[in-house]
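Engineer: Take a look at the following structure, please.
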Amino acid sequence: MIAARPAVATNRTLLGVVIFIASESIFFLAIVLAYIAYREAGLATAKATLDLGRTAIFSLALFGSSATMIGGRLRMTTAMLFAVGFIAMFVIGGLSGVSLAVVPIDLAVTDSYYVVAHLHYVLFGGTMLGIFVGMYWHFVDAVWVVVFSVVYLGTLL
Amino acid sequence: MRSWPHRKNAFSIPKPSIRLSPCTALSFWLSLAGGIVLYFSFLAGGAPDTGWFSYAPLAERAFAPGTGVDYYIVGLAVNGAGTIIGAINLAVTILLMRCPGMAISRVPLFVWMTLITSILILGAYPALTAALVMLLVDRGLGGHFFDPAGGGQAVLWQHLFWFFGHPEVYIMILPAMGMISEVIPVFSRKPIFGYAFVAGSSVAIAFLSFGVWAHHMFAVGLGDTENAIFSATSMLIAIPTGVKIFNWIATMIGGRLRMTTAMLFAVGFIAMFVIGGLSGVSLAVVPIDLAVTDSYYVVAHLHYVLFGGTMLGIFAGAYYWFPKMTGRLLGEVLGRWHFWTAFVGLNLTFLPQHWLGAVGMPRRVFTYAADTGWGPLNLISTIGAAILAIAIAIFFVNVVRSLRSGEIAGDDPWDAFTLEWSTTSPPLPENFATIPAVTGRRPLWDRKHPELRDAR
Ligand SMILES: [Cu+2]
């Protein structure tokens, strides 16, 4: 009984996170598809304003944080919370710094999407850190791969 | 995250020592906060004045410059987050927290409907959230998702909104269907007819409901092919819905019916839902829809589904589970007054609206010219609405009186079948003193009648 309990709890958390990620995928899919469908009109602005190089470097830092967690069994001690929190804040701060540096106040469609991504780093990467940090962190990275390819690499077309 | 379970559901699928989990609390407070934000718009510079569906481009900054739509966006997004968390909570509880013997093929149908509803929420709400985020970007950050002048499309809002909006109808009706699926067998003294079909048809409804959204957009001009496809899928969904109707009726046939107030409401649900469902099928026919779109015919249809269906189902559930929740029965005399005033009131209110819509009275008008001839039917409708108000008042009087001086219910006032009736009324904080034995779909019946045990 005592031995079985942690396993059940893990299953529950795992299923909950998996369901949550599945649900979130629909959310991101809708936005990415809408972006792709209407990208033509904003492409010139995107080319002029988005900084591909610097964002790529910041993305590497993001993927690095995700890769560090792979393989390791995450123990959410207070120290670890601060460490992960620091990475999250650094990435968010860095990326929004880039966007603020290059994007005029009247953001174009493309940049607006960029803000959406940031929003989710704050909302989900930040506030629910202790709970979802493992799997959701990888999921958000996967979303970022899509966003980076579609929005940033898209400017090379 | 030590405990995921949700109070209400933990109750139907017993497991001892279940507390209000942080997840349940988060879901509740987010939902409440979203609602408060939405209503706060009334005080903060005006309510969202773009309709409940907030169509673009009307909801864009250029046409809705006030803050109302912004409150709509934030309120619905926050509320939606709470709803999604609640749905995850319920789904995980149902899938992983059942007591020994409670196979998924044995859980009460109300729990089955809760599971399907949760899955619908998880698929539908993200589409609404995505649309809300795009609208926020359009309004606040100069985006052009719904702005044709900037390369977007206004119709995108409608697609996303109704991709959420149609499953939302089932999110509202399936729990009520689950409630009457518990009430009808108990008061017919028979097990539900075709348990697997009631449960399975809900899976079919859930699956189909994601492929019918454009029946809300026949008048948009998507094209004949699109309209034909969505017309066909919309009619298809009437099949699993009809299966349920037959199951409920077949459960009653040959049963020893006890017409308690709960049962009256359940039977009323079936009758009214059949009317609402049939007018729904008629609206799935594109030419009919084009003729009556945005008319009172649609208003009549949706109220037969949502009042005649959902509300009557909820009332059935209220009379059925009130004794379990409070320890006292809801008054049967006032209950009958409640049922008959509600039944007469709703038909007087909504039935004439079919004719009003058919002769062309549009929705969302607050007045009309005298020579339209719509006066008499609207008068009947108004009288019906007053009777409905009386019905609701009777219900609240009944609740207050029954809470104070209602008949003491005991553990099992209905001689019911399912496990919640084996514990005290109201239940213990941990629901059950010991984990109950589950031997079939009607564990309490099995315990009371070991010689007549269900085969499964
Ligand atoms: Cu619909």
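The values are calculated or read from the model by the stated rules, or taken from the named source; none is laboratory data. The model shown is predicted, which means the values in this text are computed figures rather than measured ones. Please note: Cβ atoms are built from the backbone with ideal geometry, for glycine as well, and neighbour counts cover all protein chains shown.
Engineer: How about segment B:162-191: which of its residues are among the small types (G, A, S) and within 16 Å of the ligand (Cβ to nearest atom)?
Structural biologist: B:G165
Engineer: Pairs, please: C-beta under 6 Å, at least 6 apart or cross-chain, first residue closer than 30 Å to B:F53 by Cβ and small (G, A, S) and in segment B:165-191, second assigned to a helix (DSSP H, G or I) and away from the ligand (no atom under 16 Å from the Cβ)?
Structural biologist: B:A176/B:G313; B:A176/B:I314; B:G178/B:L109; B:G178/B:F110; B:G178/B:M113
Engineer: Moving on to the next point. Quickly run through segment B:346-370 and pick out the residues that are in contact with a helix residue (DSSP H, G or I) (Cβ under 7 Å, 6 or more places away or on another chain) and either more than 10 Å from B:G384 (Cβ to Cβ) or not in a helix (DSSP H, G or I) (or both).
Structural biologist: Once the filter is applied, which keeps residues that are in contact with a helix residue (DSSP H, G or I) (Cβ under 7 Å, 6 or more places away or on another chain) and either more than 10 Å from B:G384 (Cβ to Cβ) or not in a helix (DSSP H, G or I) (or both), segment B:346-370 yields B:H354, B:W355, B:L356, B:G357, B:A358, B:M361, B:R363.
Engineer: Also: What number of residues in segment B:152-207 are more than 18 Å from B:K244 (Cα to Cα) and outside any helix (DSSP H, G or I)?
Structural biologist: 4
Engineer: Can you name the condition, by its number, that B:V344 falls short on among (1) within 23 Å of the chain's Cα centre (by Cα); (2) surrounded by 21 or more Cβ atoms within 10 Å (Cβ to Cβ)?
Structural biologist: That leaves (2) as the condition not met.
Engineer: Right, here's the next one. If you scan segment A:1-49, which residues turn out to be under 21 Å from B:L136 (Cα atoms), within 8 Å of chain B (Cβ to nearest Cβ) and at pLDDT below 80?
Structural biologist: Across segment A:1-49, the qualifying residues are A:E40, A:A41, A:G42.
Engineer: Would segment B:238-255 turn up any residue that is part of a helix (DSSP H, G or I), within 14 Å of another protein chain (Cβ to nearest Cβ) and within 16 Å of the ligand (Cβ to nearest atom)?
Structural biologist: no
Engineer: For B:G223, only one of the following conditions fails: (1) away from the ligand (no atom under 13 Å from the Cβ); (2) under 23 Å from B:G242 (Cα atoms). What is its number?
Structural biologist: Status for B:G223: all satisfied but (2).
Engineer: While we're looking at this one, here's another question. Given the conditions (1) crowded, with 24+ Cβ neighbours inside 10 Å; (2) within 16 Å of the ligand (Cβ to nearest atom), and given that B:H159 satisfies all but one, which numbered condition is not satisfied?
Structural biologist: The single condition B:H159 does not satisfy is (1).
Engineer: Could you list, in sequence order, all residues of segment B:133-148 that are out of contact with any Ser or Thr (no Cβ under 8 Å at 6 or more places or on another chain) and either at pLDDT 95 or above or surrounded by fewer than 23 Cβ atoms within 10 Å (Cβ to Cβ) (or both)?
Structural biologist: If the condition is that a residue be out of contact with any Ser or Thr (no Cβ under 8 Å at 6 or more places or on another chain) and either at pLDDT 95 or above or surrounded by fewer than 23 Cβ atoms within 10 Å (Cβ to Cβ) (or both), then B:L136, B:R139, B:G140, B:H144, B:D147, B:P148 are the ones that fit.
Engineer: List pairs: first residue in segment B:213-225 and away from chain A (no Cβ under 14 Å), second residue hydroxyl-bearing (S, T, Y) and within 14 Å of the ligand (Cβ to nearest atom) anywhere in the structure, Cβ distance under 7 angstrom, at least six positions apart or on different chains.
Structural biologist: B:H215/B:S231; B:H215/B:S234; B:F218/B:T293; B:A219/B:T293
Engineer: Condition first: within 13 Å of another protein chain (Cβ to nearest Cβ) and in a loop (DSSP other than H, G, I, E, B). Now tell me which residues in segment B:52-106 satisfy that.
Structural biologist: Answer for segment B:52-106, where residues must be within 13 Å of another protein chain (Cβ to nearest Cβ) and in a loop (DSSP other than H, G, I, E, B): B:A56, B:R61, B:M97, B:R98, B:C99, B:P100.
Engineer: Can I ask one more? The conditions are (1) surrounded by 20 or more Cβ atoms within 10 Å (Cβ to Cβ); (2) within 12 Å of the ligand (Cβ to nearest atom), and B:F210 fails exactly one of them. Which is it?
Structural biologist: (1) is the only condition that B:F210 fails.
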